[in-house]
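The structure under discussion appears below in the form of structure tokens.
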Amino acid sequence: MKRCTSALLQRTFSVQPVTRYRCRTYTVLAQRIEQIKTRPEPFPLQHEPLVKSRPDPYTIVAPELLHLRGSLLGLLGSAHPGLSEIARYYFLHPSKQLRSLVVLLFSRATNGLGGNWEQKRWGAEREASTGLSEELDRPLTLPDVLNNWHPSMPNDTASFETPFDLRPPGMHRVPDSPPPPATRNQSLPQLTSPPLLLPVQIRLAQIMEMIHIASLLHDDVIDSCTFEAEPPEGFGNKLSILGGDFLLGRASAALSRLGESEVVELVAGVISNLVEGEMMRMKCVRTPGLGQLEGPQSLEEAWSAYLKKTYLKTASLLAKSARAAVVLGGCREGEIWKDVAYAYGRNIGIAYQLVEDTLDYEAGSTNPMPGLATGPAIYASEEHSELLQLMRRNFGDQGDVELAIDYVRRSSGVERTRLLARTYANKARDVLRSLPDSDTKIALDVLTDHVVNRTW
Ligand code: FPP
Ligand code: MG
């Protein structure tokens with residue numbers, strides 16, 4: 001499932017305004033959301049079958065998904081048209097939106113349960129009533145990028161000719177009075193009714209998409225290199241790197257406005273995990289201390305490295321996103337909700353990547369590349385022991401990749417990897433049992449089916 005970013009970015013900016021989304025793989029689900037845009041009513045109630053169908057995860061939060069895509073552009077605006085263009089491309093033409101979906105659904109499935117929920121809700125309502133909520137949506141840059149942290153400076157480059165004058169600090173804002181203590185008169189925690197999402201949770205969904213897309217932009221550059229110390233070449237790679245960095249910058253600024261240090265730590269951890277996962281995946285990583293890393297020497301080592309990489313590169317983002325959503329909803333230490341969210345995200349994330357790795361072996365895919373062996377090849381090595389040799393050198397010799405593809409296609413590796421994905425999806429489903437019943441809980445269950453049955 002190759003994406004097309006760098007090369008197309010290059011065409012977009014250097015030749016003509018090619019709309020890059022033409023060659024983006026749209027999922028059926030993404031199209032469904034596009035269609036909703038043109039409908040006056042958000043839910044297709046007209047043709048409801050007699051047997052009530054299970055709620056669709058995308059439909060249940062469709063208004064929020066539309067809102068978060070729309071408002072992202074304001075958040076991402078940049079003084080440079082190239083960077084704004086990257087942002088527009090990705091966020092107006094999304095594909096799976098899996099990260100946003102998990103954040104929104106987990107927020108909806110748990111809001112009301114946490115000990116600090118009432119305070120969180122009070123805070124959000126108070127901000128809305130006093131106009132403070134605009135603070136969250138304030139553009140992350142002012143029209144003049146040269147003085148956006150010192151608004152009294154003149155809006156021109158000449159202001160850099162004089163030293164930067166300091167002014168005595170003034171009173172910027174009257175401090176907020178503390179929220180009233182949470183009152184709980186029920187013995188069992190209950191979900192909010194009707195379901196409610198906090199603005200900070202919607203913003204978290206946007207932040208996680210930004211980070212995901214930053215990693216895809218950087219991944220395209222890595223994929224286009226040989227890993228053999230060739231520097232990234234060309235305008236496409238440069239713009240991809242800068243675009244990714246820009247998104248990380250914007251995501252960090254938006255993150256700080258959520259006002260929750262636990263969430264900052266979780267999200268920062270996701271970024272380092274992505275990098276660690278990517279390092280593990282590469283054919284060879286040369287470091288001054290470690291030299292060249294070799295591939296796994298046994299089947300056991302291969303599984304261990306593969307699952308670790310899968311967590312770091314894919315599942316960590318989903319696990320920590322879900323956990324962060326629940327933290328923003330007021331769930332406290334000692335309550336089960338944070339762990340439920342993390343476990344669901346981790347299991348569904350591993351299932352997702354296992355399926356992704358099977359798609360690499362489909363006819364026509366050019367994806368299997370030198371690097372750490374994935375599920376299909378590890379399983380296949382039980383049937384074709386010759387594969388172990390190739391795995392030990394991370395498929396680094398001439399012709400290794402082609403040989404490996406052949407062995408995998410003549411084995412049950414792909415089917416067994418799909419079965420393993422199903423096992424992780426079932427674990428995610430089991431975890432949901434701890435949540436109170438709701439349509440969102442069912443939608444999260446349905447999402448596990450989407451992840452393992454997908455062909456996109
Ligand atoms: C796509 O997987 C790649 C990722 C999900 C992560 C890539 C991570 C980095 C490049 C580290 C840098 C991170 C940040 C936050 C800037 P894939 O290569 O299997 O998918 P593909 O087949 O579509 O290329
Ligand atoms: Mg890649």
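The values are calculated or read from the model by the stated rules, or taken from the named source; none is laboratory data. Predicted model, so just to flag it, every value in this text is computed and none were measured. Here Cβ is always computed from backbone atoms with ideal geometry, including for glycine, and neighbour counts include all displayed protein chains. Accessible surface areas use protein heavy atoms only, side chains included; no ligands, DNA or RNA. Shrake-Rupley method; radii C 1.70, N 1.55, O 1.52, S 1.80 Å.
Report those helices (runs of 4 or more DSSP H) wholly inside region 49-167 carrying at least 1 residues which are open to solvent by 10 Å² or more (accessible area, probe 1.4 Å) and modelled with pLDDT of 85 or more.
Values: elements: 57-60, 62-76, 81-92, 98-110, 117-130, 134-137.
Passing ranges, in order: 57-60, 62-76, 98-110, 117-130.
In region 314-335, the qualifying residues are those that are aliphatic (A, V, I, L, M) and either modelled with pLDDT under 95 or within 16 Å of ligand 1 (Cβ to nearest atom) (or both), and the one that is surrounded by the fewest Cβ atoms within 10 Å (Cβ to Cβ) is ALA315. Restricting region 265-304 to residues that are of a type in the set (Val, Ile, Thr) and modelled with pLDDT of 75 or more leaves a set whose member that is surrounded by the fewest Cβ atoms within 10 Å (Cβ to Cβ) is VAL275. Listed by first and then second residue, the pairs with beta-carbon distance under 6 Å, at least 6 apart or on different chains, first residue in region 336-351 and free of Cβ contacts under 8 Å to residues at least 60 places away in the same chain, second among the polar types (S, T, N, Q), are GLY349/THR314.
Could you list, in sequence order, the residues of region 362-393 that are buried (at least 22 other Cβ atoms within 10 Å of the Cβ) and within 16 Å of ligand 2 (Cβ to nearest atom)?
Listed by number, the residues that qualify are LEU372, ALA373, THR374.
State yes or no: is ARG422 farther than 30 Å from SER256 by Cα, at pLDDT 95 or above, within 23 Å of the chain's Cα centre (by Cα) and open to solvent by 10 Å² or more (accessible area, probe 1.4 Å)? For ARG422, the condition - farther than 30 Å from SER256 by Cα, at pLDDT 95 or above, within 23 Å of the chain's Cα centre (by Cα) and open to solvent by 10 Å² or more (accessible area, probe 1.4 Å) - is met.
Consider LEU403 carefully, then state whether it is free of Cβ contacts under 8 Å to residues at least 24 places away in the same chain, of a type outside the set (Phe, Trp, Tyr) and not in a loop (DSSP other than H, G, I, E, B).
Details: free of Cβ contacts under 8 Å to residues at least 24 places away in the same chain: yes; of a type outside the set (Phe, Trp, Tyr): yes; not in a loop (DSSP other than H, G, I, E, B): yes.
Yes.
List, please: which pairs have Cβ atoms under 9 Å, are six or more places apart or on different chains, and start with a residue in region 292-312 that is hydroxyl-bearing (Ser, Thr, Tyr) and assigned to a helix (DSSP H, G or I) and end with one that is open to solvent by 50 Å² or more (accessible area, probe 1.4 Å) and modelled with pLDDT of 95 or more? Pairs found: TYR311/ARG346. Any residue that is farther than 19 Å from PHE106 by Cβ, within 16 Å of ligand 2 (Cβ to nearest atom) and small (Gly, Ala, Ser) - is there at least one of those in region 402-419? Scanning region 402-419 turns up no residue that is farther than 19 Å from PHE106 by Cβ, within 16 Å of ligand 2 (Cβ to nearest atom) and small (Gly, Ala, Ser). Filtered by the rule that a residue be at pLDDT 95 or above and more than 14 Å from SER381 (Cβ to Cβ), region 398-418 gives GLU415, ARG418. Pairs meeting the criteria (first residue in region 252-276 and over 18 Å from ARG346 (Cα atoms), second residue open to solvent by 40 Å² or more (accessible area, probe 1.4 Å) and of a type in the set (S, T, N, Q), beta carbons under 9 Å, at least 6 apart or on different chains) are VAL264/SER252; VAL264/SER256. Please specify each residue of region 398-414 satisfying the condition of being more than 31 Å from the chain's Cα centre (by Cα) and polar (S, T, N, Q). Scanning region 398-414 gives GLN398, SER411.
State yes or no: is LYS338 touching a helix residue (DSSP H, G or I) at 6+ places or on another chain (Cβ under 7 Å), open to solvent by less than 10 Å² (accessible area, probe 1.4 Å) and not aromatic (Phe, Trp, Tyr)?
Yes; evaluated as a whole, the condition is true for this residue.
Being open to solvent by less than 20 Å² (accessible area, probe 1.4 Å) and within 30 Å of TYR342 (Cα to Cα) holds for only one residue in ALA404, ALA428, and it is ALA428. Just wondering, is there one or more residues in region 354-361 that are among the acidic types (Asp, Glu), open to solvent by 10 Å² or more (accessible area, probe 1.4 Å), part of a loop (DSSP other than H, G, I, E, B) and within 16 Å of ligand 2 (Cβ to nearest atom)? So far as region 354-361 goes, yes, one or more of its residues are among the acidic types (Asp, Glu), open to solvent by 10 Å² or more (accessible area, probe 1.4 Å), part of a loop (DSSP other than H, G, I, E, B) and within 16 Å of ligand 2 (Cβ to nearest atom).
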